[in-house]
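Here is the structure we will look at, set down as structure tokens.
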Amino acid sequence: MTPINISLLVFMIGLYGVMSKNNLIKKIIGLTIMNGSIVLFFISIGYREAGLAPILEKGTTDAIPTTILVDPLPQALMLTAIVIGISITALALALIVRIYAKYKTLDIQQLSKER
Amino acid sequence: MAIHIPILIIISPLLAAFLMLLSRKYKIILATTSIITSIVFILTLSSQILSGDKVIYHLGGWRGPLGISLVVDGLSFFFSLIALGLGLLVIIYSIPERRYGRTYYFLLLISLSSMIGVIYTADIFNMYVFYELLSLAVYLLIAYPKTGVTLWASFNYLIMGGVGLSFFLLGIGFLYAMTGTLDISHIAERLPVAFNSSTRMVLMSFVLIATGMGIKIAVFPLHGWLPDAHSMAPSPVSALLSGITVEIGIYCLIRVIYSVFSTEAFSIIISSSHTILIVLGVVTLLFGASMALVQKDLKRLLAYSTINQIGIILIGLGIGTELGLTGALFHVLNHAIMKGALFFCAGIMIAKAGTRDVQGLSGFSRQQPAIVFAFIIASLGMIGIPPTNGFVSKWLICLAAVEAGYAVLAVIILMASAITAAYYFRVIQVLFSGPPKQSSVLIYKGEQMIHGGNFFRTWTIYILVAGCLLLGLVPALGISMVKPAVSLLLSHVIP
Amino acid sequence: MGSSKIIRTIVQKLFPFIVLFGLYLISHGHLSPGGGFQGGVVIGTAIILLALSHGIEKTEKKFENKRLSMLEKLGILTFIFLGFLSIFLGHSFLGNFLPLGKPGQITSGGLMLFFNIAIGIEVAAGVSIIFYALVKYRGEI
């Protein structure tokens, strides 16, 4: 079970949560799980065998390291992806707060009937 | 300063959006000035682009595959001109409405700026980031009148859009795993080597990216968010959504198919994607047409008509010859103009009549004959009747289908045009009949506009209808705009 | 939203250290893991912690919504103006025009330090405003 397979499995679990749960908040949790699994996928792609953390030591005079480091680019990309995930979750929760104030229910079957 | 034009086109609406939050009085002036500035900047590049050249800009001074570049070539130029043109008309249409505060114009400018960001960027992860920014702004715009139905439509769109973009991001992850770079042209160079060693991961990335974009384009099984979102939104937002936001998904799909998977090793991907696009296009086309026949709500009918036209564009893309691509891209322009005009007219009619039911709008031709005339011309364009531009693009696609040997596709498109004629003529007949019956339902309070037909509103409709007739009578104008894009795409395809 | 005396005292004593840690993360973004967004979220979390333990009304008297909103707008406008300053000085948008120091020093990032500070302020204000909005909404429109 390599990390890539595990992250795809978690992605499928998140997708199952979004598709088949009736409560709106559980759907948001499923979407957050999907975003988290993509973060796991990217970070596990950037792993190199016996690699150190991509931080330069204090006092080194050259900017190009000579030891093996893990790939820092997916880590930087995932910072952006985490920010986007937070924004989507915040927006969805704001919409849920207003939907609950109007309809007094969070069940998607009742909401689609009432519309 | 002339070198910095690509980034200034993106930054100008963004800067105006944030400056608008500081002051309350200048929102409309800031909005219109920034979009006009961006349009002027794009037009200064037009002579360079139309002769087949590209404009590349490196952000932050980082060259090559290390940094993010902005590329303006024929395809990007075409789509960005449509986006900013329609955006300017949407802003002008929203001016008379007193209830739209700073937040509305802020969200409109952010969505336009991120649309241009999606179109211009040459870095595939940056395309995902800008696309998410566009989607967030659009979710908020749909939910802007905070009534129950708009909140529900926006939430539905959020869940499906979030899932779709997660698929897109996973596909980008697979591409990065195989090539180690994120620049689109650099991926295209490194991908054939990876294809020989790990074929399945390349196919998996293509399938994930295509599925993600399919959710945003609203092809047949994944279209569930579109009727709610496009009909419950306020009318100018509906025009923006149907006109250009769905086409941004088509742009991303074209970019990925033609620029990333573009070399000879991927002939199996390109030919199978053509087949899949044709099949999906036909199913979407027939589905949209038949669902639009049974709608009682005017804006829902127009939303299903959007699904209809997206099917035609996908068929044109799937055929893949020069005529097919020209017809498909020209239909993107025509659909933006005609659907924009239809949604603007629908907004005025719904505000005056107070109901969204088609039966409740009867007799409208006596109140405002000019608006009904504009509606008739725009719907003739959607059906595809000669002096309008819709006829030219549908004719090109049918001709391409017959030339490529798929004559049955031309028959299907003509059948769907007949169904389109049926539902549009039903609406026009109601508009010309007697006074409305008293039992019309479907009044949504969020849609009540204060002034119905105002000076700004009617003139935006006239400009769009004039463009519709102009492009229909002088089709060479539109085809010359599409030609650099088509030649760019064809130069990437395997010979 | 109140808590016991122990929690209120401890949060009150810990608050400056959390903000200091957040500022450390922001300013050393180009040398160690951290950066504008991460440090900004830590500072925003400190304000949320105050709101959870002392009650939202008292926190809002100290950190007013209008002031945080103005800080957020100033943060993002500073970012865009730094980009334009870079265009006026001849480099491309968001390009670096400060001299690079030795690697490992805090001055070695060039313009990255100022970007991190602008984004840190903006994110801290933004997270606090999101929290205020979600807590204070009581069903009125």
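The values are calculated or read from the model by the stated rules, or taken from the named source; none is laboratory data. Bear in mind the structure is a predicted one, so any value in this text is a computation, not a measurement. Cβ: placed from backbone, ideal geometry, glycine included. Neighbour counts: every protein chain shown. For the accessible areas, the whole protein counts, side chains as well, though only heavy atoms, and no ligand, DNA or RNA atoms are used. Shrake-Rupley method; radii C 1.70, N 1.55, O 1.52, S 1.80 Å.
Couple of notes before you dig in:
- Computing FRET efficiency as 1/(1 + (r/R0)^6) for C:Lys13 and B:Ile3, where r is the C-beta to C-beta distance and R0 is 45 Å, gives about 0.25.
- For B:Phe373 and B:Thr32, the difference between the fully extended length at 0.36 nm per residue and the C-alpha to C-alpha distance is 120.0 nm.
- Within the accessible area of the stretch B:2-491 (1.4 Å probe), percent carbon and sulfur: 70
- Averaged over C:77-87, number of beta-carbon atoms from partner chains that fall within 10 Å: 3
- Table column - 3J(HN,Hα) (Hz), the stretch B:382-393, Karplus curve with 6.51, -1.76, 1.60, x for Gly and Pro: 5, 6, x, 10, x, x, 9, 6, x, 4, 4, 6
- A 1.4 Å probe run over the protein chains yields, for the protein assembly as shown, 41 Å² of accessible area per residue, whole-number rounding.
- Choice from A:Ala81, A:Ala53, A:Ala90 with maximal GNM fluctuation in chain A (Cα, 10 Å cutoff): A:Ala53
- Here the simple spin-label model places points 7 Å from the Cα toward Cβ, and for B:Thr199 and B:Ala407 these points are separated by 3.6 nm.
- Around the Cα centre of the stretch B:2-491, unit charges on the Cβ atoms of Lys, Arg, Asp and Glu (plus for the first two, minus for the last two) sum to a dipole of about 1500 debye.
- When A and B come together, around 3200 square angstrom of accessible surface is lost from both chains combined, probe 1.4 Å.
- Shown in residue order for the stretch C:115-124 are the 3J(HN,Hα) couplings computed by the Karplus curve 6.51 cos²θ - 1.76 cosθ + 1.60 at θ = phi - 60°: 4, 4, 5, 4, 5, x, 4, 5, 6, 4 Hz (x for Gly and Pro).
- Across the cross-link table entries B:Lys25/C:Lys73; B:Lys296/B:Lys339; A:Lys113/B:Lys339; B:Lys296/B:Lys352, which are compared at the Cα atoms, the separations over 21 Å belong to A:Lys113/B:Lys339.
- For chain C, a crude dipole built from +1 on the beta carbon of Lys and Arg and -1 on the beta carbon of Asp and Glu, taken about the Cα centre, is about 460 debye to the nearest 20.
- Global form of chain C, assessed from the alpha-carbon gyration tensor, a/c cut-off 1.5: oblate
- If R0 is 25 Å, the Cβ-Cβ spacing of A:Asn22 and B:Lys146 corresponds to a FRET efficiency of close to 0.60.
- Tail weight of P(r) past 43 Å, computed on alpha-carbon pairs of chain B, percent: 11
- Amide H partners (placed H, <5 Å) of A:Leu69, local residues excluded: A:Leu52
- Potential lengthening between C:Lys58 and C:Phe88 on full extension [0.36 nm per residue; Cα-Cα distance subtracted]: 6.3 nm
- Calculated mean residue ellipticity, 222 nm, chain B: -24500 deg cm²/dmol, from DSSP H runs (n ≥ 4) at -39500 (n - 2.57) each, averaged per residue and rounded to 500.
- Structural descriptor for chain C: relative contact order 32 percent, calculated from alpha carbon pairs under 8 angstrom and at least 6 residues apart.
- Rough spin-label spacing in nm, given labels placed 7 Å along Cα→Cβ, for C:Arg67 and B:Ser185: 5.1
- Given 16 as the ceiling on other Cβ atoms within 10 Å, longest exposed-site-free region of chain C for GluC sites (Glu not before Pro) in DSSP loops: C:65-139
- Sequence-separation-based contact order of chain A, relative, with Cα cut under 8 Å and 6+ spacing, percent: 26
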